[in-house]
Amino acid sequence: MDADLLEAGDDTIELKGSSIIAAIKASGVEFILSVPDIVTSGGLLRPIARDPAFKLIRVCKEDECIGIASGLSYCDKRALTLIQYTGFLDSINAIRGVAVEYRQPICMMIGLLGHDPSTTPRNSPRYGVRIIEPVLDAMGVPHHLINEDADVAKICPAIEDAYAASHPVALLIGRRPSTS
Amino acid sequence: MMKRDECFRALARHLTDEVVVATYSSAVDWLALGERALNYFSVGAMGLDSSHALGLALGRPDKRIICLQGDGSLLMNLGCLVTIAAAAPKNLVHLVVQNGTYEANGSHPIPNTKVEFAAMARAAGYAHVHEFSELANFEQQAAHVLKQDGPVFATLHVERSKPLTYDYANLYDPARRVALKAALRAS
């Protein structure tokens, strides 16, 4: 079943949006840079937009996030890029240049639109989702699948490590986070 | 019509501790005026210079950020005009050098050399928008433009320059990024 087609009552495995947001805050992230993604729209972006702890910068195209996050990192400010996997694919040259070749701490949270959360992204029925982890591997970008509540514990260490060692990281959201 | 290096010389007379983001031909001409730790050249992908500048402006609202962007670069990231106008950083000055040419890529023309970037910036919602074609006018107005509450946009209409030497290894030297971060922390 596609994550983007799941109704709240249909999904028995929970991924709490509030837990993810708490983990983002615990990571010291101040800026959220985003183009809306239906997977994370209700559970993450809407509450983040209302949360005074975050500065939300709405951008027109996802690769802008990579430049903005880099500029912020020079100022010792932490940012999270919240986008859909299609926007990640569209931003590959920016990620290649800024995040990988210049080793900037670009932290991306990527919604896997159309993914079947009962399987792994590599086995997704959707081609665009299937190629995400192999593309990240080819680019040398560490990545973590956030598919259920137990996975939320990966977020803070991943962001801390990205800033400590100055490298990019991708956090793949495998199902719609709940609005609670 | 102005020359890019002459414009930058006029600009440099008014700068002290501002961060200057520049790429390609603009970076070459800017660097020719002298080394400064607060230069930011490692943009990584064509068109992202203005986005890096926005990040710097948001991260350091106490410092002026000057973006020297080519017209070909802005065309690759036109959405940044809307993003920057919405974010509305008061400390960002966005100067677009329009010579109608992808100069670093063989001097081929941009798709429409008559495109009006200032009109786009005005429509996007920049706080102040200017256009300069005469050096004397730019020299007279530069200090005022640099002091306005941003986001400020200006098109600098310039001639195509003589062929430049692009020393990318020097421009993108990792030591520059280390020096920039240290200079930002110190200032």
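Since every read-out is calculated from the coordinates, none of them should be taken as a lab result. Computed from a predicted model, the values in this text were never measured in an experiment. So basically every Cβ, Gly included, is an ideal-geometry build from the backbone, and we count neighbours across all protein chains shown.
Filter the cross-link list B:Lys3/B:Lys147; A:Lys61/B:Lys181; B:Lys147/B:Lys181; A:Lys61/B:Lys63; A:Lys16/B:Lys181 down to pairs whose alpha-carbon distance in this structure exceeds 30 Å. Provide the component values of the computation, followed by the final result.
Values: B:Lys3/B:Lys147 23 Å; A:Lys61/B:Lys181 26 Å; B:Lys147/B:Lys181 24 Å; A:Lys61/B:Lys63 26 Å; A:Lys16/B:Lys181 37 Å.
Violating the 30 Å Cα-Cα cut-off are A:Lys16/B:Lys181.
Please give me, ordered by residue number, the chymotrypsin sites (Phe, Trp or Tyr not before Pro) of region B:115-163 that lie in loop per DSSP and have at most 14 other Cβ atoms within 10 Å. Let's see the in-between values first.
Working: sites: B:Phe117, B:Tyr126, B:Phe132, B:Phe138, B:Phe153; in loops: B:Tyr126.
Of the chymotrypsin sites (Phe, Trp or Tyr not before Pro), not one in the loops of region B:115-163 has a Cβ with at most 14 other Cβ atoms within 10 Å.
Could you tell me what percent of the DSSP beta bridges with both partners in chain B are antiparallel, to the nearest 5?
Working: 2 of 26 bridges.
Among the beta bridges of chain B, antiparallel pairing accounts for roughly 10 percent.
Could you tell me whether region B:116-187 comes out rounded, prolate or oblate from its Cα gyration tensor? Rule is a ≥ b ≥ c as square roots of the eigenvalues, rounded for a/c under 1.5, then prolate if a/b exceeds b/c, otherwise oblate. List each step's numbers first, then the result.
Values: a/c = 2.12, a/b = 1.40, b/c = 1.51.
The shape class here is oblate.
What spacing in nm lies between the two simple spin-label points modelled at B:Ala37 and A:Ala49, each 7 Å away from Cα in the Cβ direction?
Output for this residue pair reads 4.2 nm.
How high is the relative contact order of chain A, in percent, counting Cα pairs under 8 Å that sit 6 or more residues apart?
Details: 362 pairs, mean separation 58.6, N = 180.
Relative contact order of chain A: 33 percent.
What net charge do the residues around B:Ala179 carry, taking every other residue with its C-beta under 12 Å from that of B:Ala179, with Lys and Arg at +1 and Asp and Glu at -1?
Values: positive: B:Arg36, B:Arg176, B:Arg177, B:Lys181, B:Arg185; negative: B:Glu35, B:Asp173.
Result for the local shell: +3.
Just check the protein assembly as shown against the gyration tensor rule for me: Cα atoms, a ≥ b ≥ c as the square roots of the eigenvalues, rounded for a/c under 1.5, and otherwise prolate or oblate depending on whether a/b exceeds b/c.
On the way: a/c = 2.05, a/b = 2.01, b/c = 1.02.
Note, shape of the protein assembly as shown comes out prolate.
Compute the Rg/Rh shape ratio of region B:1-70: radius of gyration over Kirkwood radius, all on alpha-carbon atoms. Spell out each step's value before the answer.
Working: Rg = 11.6 Å, Rh = 12.3 Å.
Value, to two decimals: 0.94.
Under a point spin-label approximation (7 Å from Cα along Cα-to-Cβ), what is the B:Val178-A:Asp90 distance to one decimal in nm?
A separation of 3.7 nm, rounded to one decimal place.
What Kirkwood radius, in Å to one decimal, follows from the Cα pairs of chain B? Walk me through the intermediate numbers first.
Values: mean 1/r = 0.0615 Å⁻¹.
One decimal place: 16.3 Å for the Kirkwood radius.
How would you classify region A:87-180 from its alpha-carbon gyration tensor, with a ≥ b ≥ c the square roots of the eigenvalues: rounded for a/c under 1.5, else prolate if a/b is greater than b/c, otherwise oblate?
Values: a/c = 2.18, a/b = 1.28, b/c = 1.69.
The shape class here is oblate.
Each label point is 7 Å from the Cα along the Cα-to-Cβ direction; what then is the distance between the points at A:Lys25 and A:Arg103, in nm?
About 3.4 nm separates the two model spin labels.
Taking Cα centroids, how far is region A:24-98 from region B:119-183 in Å?
26 Å
Using Stokes-Einstein with the Kirkwood hydrodynamic radius over Cα pairs, what translational diffusion coefficient do you get for chain A at 10 °C and a viscosity of 1.306 mPa s, in µm²/s rounded to a whole number?
Once the numbers are plugged in, D ends up at 100 µm²/s.
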